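See structure below.
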Amino acid sequence: MSEFITMTDIDRAVDAIRSRIDIQPEIGLILGTGLGPLADSVEGATIIPNREIPCWPISTVQGHQGRLVIGELEGKNVFILQGRTHFYEGYTMGQTTLSVRVMKRLGCDTLIVTNAAGAINSDYVPGDLMMITDHINLIGMGGANPLMGPNLDEFGVRFPDMSQPYDHDLLATARAACDADGIPYHQGVYVGLAGPSFETPAELRFLKAIGADAVGMSTVPEVIVARHSGMRVLGVSGISNKANLDGSTITTHEEVLEAGQVLVPKLTDLIRGTLSRL
Ligand code: HPA
């Protein structure tokens, strides 16, 4: 594989997946750390381990199953990534976002992306949901944007607009779903970092000062690639831990996985409710 993802790489993965499914997916879903069980209720599921797909990066992180689940949820044909790959695993930005290119190529025009995130906003506690209204691409500002390299004109323009990364209509639909089911939620700004080390207290104070409500190590590159190709995006963070702005407690991956168990039922309701309204 070359340094940058090519149409050939994308279409090899697309062809391998298409040969194993007989539905046309319309909505892509990416499940974050500890949130994989959300895919268990898919009906008529075709399950494809990532290692069986050419060019597909393999997730090495505990809490990420590393397979595709393709089938029906709330009457919609969904393409679910049960476990994603991250930049910190050593993959290129192009590899970590290949899944979104493939979804688009298979026919998805909507992406629902979830993640586990640390709370910077002091009103948030572990187990809360935050609908993402905007993001800060701190990794990209540091020089790692997934659209670097030759532009893939088949998907979108060289300089894509990012004025509405998270679709206002989808947000309204997700809010309606939460309100109908009595699911509380916040709305806020997600900042995407590379990881894998968690943030220092000084870094967290900096992130708060620049307007972030939650922090994580994923999502932003996927959303940029989705928007490049005109997909509409809904993003939801499951708050897994309080980011520790004064250095008085520590953050662990186990804590993030544990919070996933509390978050899965809420996120499942939010996503089902949203899908049923689309
Ligand atoms: N920081 C960065 N990424 C995260 C965190 C955090 O506190 N929690 C879950 N993902």
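General observations
- Any hit, the range 245-252, residues being under 27 Å from Met93 (Cβ atoms) and surrounded by 20 or more Cβ atoms within 10 Å (Cβ to Cβ): no
- Residue pairs whose Cβ atoms lie under 6 Å apart, sitting 6 or more positions apart in sequence or on different chains, and linking a residue in the range 73-96 that is without any contact (Cβ under 8 Å) to a residue 60 or more places away in the chain to a partner that is hydrophobic (A, V, I, L, M, F, W, C) and part of a strand (DSSP E or B), are Phe79/Ile70; Ile80/Leu29; Ile80/Val69; Leu81/Ile30; Gln82/Leu31; Gln82/Val69.
- Unmet criterion (only one of (1) part of a helix (DSSP H, G or I); (2) more than 16 Å from Val236 (Cβ to Cβ)) for Ala39: (2)
- Residue within the range 7-24 that is within 16 Å of the ligand (Cβ to nearest atom), on the phi < 0 side of the Ramachandran plot and small (Gly, Ala, Ser) present: no
- Selection of the range 31-56 for residues being within 17 Å of Val102 (Cβ to Cβ) and either in contact with an Asp or Glu (Cβ under 6 Å, 6 or more places away or on another chain) or not β-branched (Val, Ile, Thr) (or both) yields Leu31, Ala39, Pro49, Asn50, Arg51, Glu52, Pro54, Cys55, Trp56.
- Breaking point among (1) among the polar types (S, T, N, Q); (2) out of contact with any strand residue (DSSP E or B) (no Cβ under 9 Å at 6 or more places or on another chain); (3) at pLDDT 95 or above, for Asn77: (2)
- Filtered residue count, the range 167-199, keeping only those that are surrounded by 12 or more Cβ atoms within 10 Å (Cβ to Cβ) and closer than 30 Å to Ser248 by Cβ: 14
- Qualifying residue in the range 66-85 (condition: closer than 26 Å to Ser197 by Cα, more than 16 Å from the ligand (Cβ to nearest atom), under 21 Å from the mean Cα position of the chain (by Cα) and surrounded by fewer than 17 Cβ atoms within 10 Å (Cβ to Cβ)): no
- Every condition in (1) part of a helix (DSSP H, G or I); (2) within 23 Å of Leu270 (Cβ to Cβ) holds for Ala13 except the one numbered (2).
- Criterion: assigned to a loop (DSSP other than H, G, I, E, B) and under 22 Å from Gly90 (Cα atoms) - qualifying residue of Pro150, Pro160, Pro165: Pro150
The values are calculated or read from the model by the stated rules, or taken from the named source; none is laboratory data. In this text the structure is predicted, and so the values were computed from the model without any measurement. In this analysis, Cβ positions are derived from the backbone assuming ideal geometry, glycine residues included, and neighbour counts consider all displayed protein chains.
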